[in-house]
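Working notes, structure below.
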Amino acid sequence: MTARDHSTRFHPDALRKILELERSTGFRNKAVVGGVDAFLKLQARQLASLAGDGDPGGLLDVTYGDLMPGDRAAWAERWLSRLGQGLQAAPAEPSPEAPDESSGDGPSGFAQGSCAGAEAGAAKRGSGSSGAASGATLESPVDRLRGVDTKTAAKLARLEVSTVRDLLYLMPRRHQDFSKVSTVAELAPGGEQTVVATVWEAREIVLGQNRRRGTEAVFSDETGNVRAVWFGNRYVAKTLKVGARVAVSGSVEVYRGRLQFASPEFEVLDRKDSLIHTGRLVPVYPLTEGLTARRVRTIVWQALEDWAPRIEEFLPGELRRRAGLMDLVAAVRQVHYPSDLATLEEARRRLAFDELLLLQIAVLARRRNWREDVEGVALGLDGGLVDHFVASLPFDLTAAQKRCIDEVLDDLARGTPPMNRLLQGEVGSGKTVVALAALVASVAGGHQASIMVPTEVLAEQHFATVSDLLGGFGSAVHQENLVSAHVDSRAAPLSVGLLTGSTRPALKRELRKRASEGSLDIVIGTHALIQEGVEVPRLALAVTDEQHRFGVAQRAALRRKGETTPHVLVMTATPIPRTLALTLYGDLDISTIDELPPGRQRVRTRHVPSSRRDEAYDFVRKQVIGGRQAFIICPLIEESEAVEARAASEEHKRLSDEVFPDLRLGLLHGRMKPREKERVMRSFRDGDTDILVSTAVVEVGIDVPNATVMVVEGAHRFGLSQLHQFRGRVGRGEHRSYCLLLSEYSTAEAQERLDAVERIHDGFALAEEDLRLRGPGDFFGTRQSGLPSLKAARLSDQDILRKARDLAGQVLDEDPDLERPDHRPLALEVARFVAQAGEGAQP
């Protein structure tokens, strides 16, 4: 798929989600802050392509806010029908094809010839120059940039860069400090250093025992000479001309008693006005196969020079002054190429504030709309039946479970607005029991209820757990995918059905029929529950497990299964600090199970240096020989899911061939098809696999009481809460369990983080520690679906979080629909955030 395909396919999905949300709330023009028209204006060009020549369906010449609800419904259905035809937006006008400049890159990351020309041209263009193509906008495909052909655009798409705006907001992972310029005589071993010198010699040579070709150059200034080598990159010799003045930046080492640069960055000074790769704070970007660091910096620099001035400031001036924020255009420039470290932090603070403010406006608006516009059903709760269920349990509830049940039942009894509650508690805390009490209460009130989970294995686990718990509630009759519990106080048995994509067609038809007739009380399933043909007319309670795996549009579709808007209970096993929970889930009330049932065993956790990996393998083998099972988690590779999957496949082969050739090993990674993932997890759960080699996808959704060892490779790369989630996959049975964290930590911070996992076993305390220690990134780990991607914000920025939330509340208090003229740019930016952040941020 090209980057252009990726970009144009995205917008129809955003429109579809918004229209479905409108439909779920009665077409009240509340799906987007500022109204649907703000989104239509923002995406006008793409929508014109979707509508077709001449707009035969009358889809464009409409002001949505002026229509009556019935007319809005008809217009929305026409659009949904159009989108359902699988159309894609017409591609933007093609840019001239340029040779793929990355194709000549050697291993050291320097693009031959044309790259230097592109850098020189970019450096000579000032702000607001004519470098930006006529008629193009920030939403134009990235291949509108000169020198970015379709091949390069496809590679950028793997970094989630499809438009010029995406490129401007591609945040550096860090900066290399090449700002201090030394003389040759002042160079010393170690650290990143820069010299400005003249090319004395540059030639192609053969390096090392492997006889790899590379480049050797000698640079000189008035204080002396220094050698530089580029391993595997002979093209540098053709670029460096004798007598040229260059800036050279990189690490200095000692080789045969003399100092030398090893594969440094360099720039020819007499060809440019500004430095891109040397002599300053230089950005380090995420990379992907086929794109080098030098190439990405060059492309971003061109975008900054030609396009940054077109970024529209969307925060009113008074608001910016009150919050002490930098101008937006300046912030975007400085976050890439800062004047100094203090200015870099000021720029990052502005962009972080923007992200968190837009997120807060989205979730707070969603909460207000839910509370003001959505009517629910007040359940006439049968307290006796719930008490009967609790008394039938083979264990005592904890105080936290009792508190959470009371909070949920109070919501159900209130009715309007319907419950919209997050139930959080770590693995083993007893969330399912709380949810089941609410399900029983709904059924006792004469209604139906459902549980939707992300995987079939998790659905089967819930069905088994619910079936077991109902077994003590009344005499239970078990059939395939169906259990009925005969309760003394009910005339009809309480029935529970399991509906997934793998359910036999005949049984699936029967369960659908019973659900639509109202005779199936509780339905447990996967996404199959929101497919067409599944109706639950008396649905009063919808429970979803693992919040960050489900988007709002999916939950909205589940709500539409009933004749009235059902209550919603969202469960997550990821302990979330309260401040963070309010930020990410500001539209939900929060219940927390903050204690574990007595008797829950503690998983012994130890950091193991990589040098002792063989001992860890021996321990795994002993556990498997003793009848147990084990997980081995592969290192996190943030650059690419494809690279991570390939690395996991290679590790699985190595372990199978060299370490555990006599054992049964399974493989699980994010690039596998859903059915293949289900097959692998089911095999491990059923004991047909001894060791499961997996990427981080195993974090949620598999319960194997016989698994007693969790080995995490490259543990320092994961967040503390994610490591705690891995640890929670073992210790679920009667056998003593262990978590081995394999890592060669190279910094004091890495050691402190792994020590915290060894020391702290309370998930919420560890989450607070994670928030304190974590730098930029996603608290939940990389690439989780359903949550907005925070590019500039650090979730440890508690002060920015609070200010953004307070300001969002003030803005919506003054102007709930962002209709004031000075708020219109802000409304458009919220609409863009909704379209780009994914379902997790849909208001």
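The values are calculated or read from the model by the stated rules, or taken from the named source; none is laboratory data. Being a predicted model, the structure only gives us computed values, none of them experimental. Don't worry about glycine lacking a Cβ; one is built from the backbone with ideal geometry, like all the others, and counts go over all protein chains shown. Note: accessible area is taken over every heavy atom of the protein model, side chains too, but ligands, DNA and RNA are not part of it. Shrake-Rupley method; radii C 1.70, N 1.55, O 1.52, S 1.80 Å.
Could you provide, to the nearest whole Å², the per residue accessible area of the range 238-384 with probe 1.4 Å?
Here the per-residue accessible area is 38 Å².
Here is the link list: K508/K653; K513/K677; K151/K238. Which ones come out longer than 27 Å on Cα distance? Working shown, then result.
Numbers: K508/K653 38 Å; K513/K677 29 Å; K151/K238 25 Å.
As for pairs spanning more than 27 Å Cα to Cα, those are K508/K653; K513/K677.
Using the beta-carbon distance between D686 and S251 and R0 = 56 Å, what value does 1/(1 + (r/R0)^6) give for FRET efficiency, to the nearest 0.05? Walk me through the numbers before you get to the answer.
Details: r = 51 Å, r/R0 = 0.92.
Approximately 0.60, to the nearest 0.05.
Report the label-to-label distance for R654 and A73 in nanometres (one decimal), using points 7 Å from each Cα along the Cα→Cβ vector.
Going from the R654 label point to the A73 one covers 6.1 nm.
Roughly how far apart, in whole Å, are the Cα centres of the range 413-442 and the range 586-629?
The two parts, judged by their Cα centres, are 27 Å apart.
In Å, what Rg and Dmax follow from the Cα atoms of the range 222-320?
Final numbers for Rg and Dmax: 18.1, 62 Å.
If you keep only loop residues by DSSP, which GluC sites (Glu not before Pro) in the range 710-763 have at most 15 other Cβ atoms within 10 Å of their Cβ?
On the way: sites: E713, E734, E744, E749, E752, E758; in loops: E734, E744.
Answer in residue order: E734, E744.
Work through the residues other than P609 whose Cβ is under 14 Å from its Cβ and net out their charges, Lys, Arg +1 and Asp, Glu -1.
Details: positive: R606, R612, R613; negative: D614, E615, E713, E744, D755, E758.
Once all neighbours under 14 Å are counted, the net charge is -3.
I want to check the label-to-label distance for R45 and D799. Put each point 7 Å from Cα in the C-beta direction and report it in nm to one decimal.
Once both label points are built, they end up 4.0 nm from each other.
What whole-number distance in Å separates the alpha-carbon centres of the range 185-239 and the range 683-728?
One Cα centre to the other: 46 Å.
Carbon and sulfur atoms: what percent of the 1.4 Å accessible area of the range 326-369 do they account for?
Here carbon and sulfur together make up 59 percent of the probe-accessible area.
Testing the spin-label approximation: label points 7 Å from Cα along Cα→Cβ at D221 and E375. State their distance in nm.
About 7.8 nm, to one decimal.
Assuming R0 = 45 Å, can you tell me the calculated FRET efficiency for the pair H761 and E676, based on Cβ-Cβ distance, to the nearest 0.05?
On the way: r = 34 Å, r/R0 = 0.75.
For H761 and E676, the calculated efficiency is 0.85.
How long is the gain from E819 to Q751 if the chain were fully straight, where each residue apart is worth 0.36 nm and the alpha carbon distance is subtracted?
On the way: separation 68, 0.36 × 68 = 24.48 nm, distance 5.08 nm.
That pair, E819 and Q751, stretches by 19.4 nm at full extension.
So how much slack lies between L80 and D662, counting 0.36 nm per residue of separation and subtracting their Cα-Cα distance, in nm? Kindly include the intermediate steps, with their values, before the conclusion.
Details: separation 582, 0.36 × 582 = 209.52 nm, distance 5.46 nm.
Stretched fully, the L80-D662 segment lengthens by 204.1 nm.
So how much slack lies between S516 and D806, counting 0.36 nm per residue of separation and subtracting their Cα-Cα distance, in nm?
Details: separation 290, 0.36 × 290 = 104.40 nm, distance 4.47 nm.
Extending this stretch completely gives an extra 99.9 nm.
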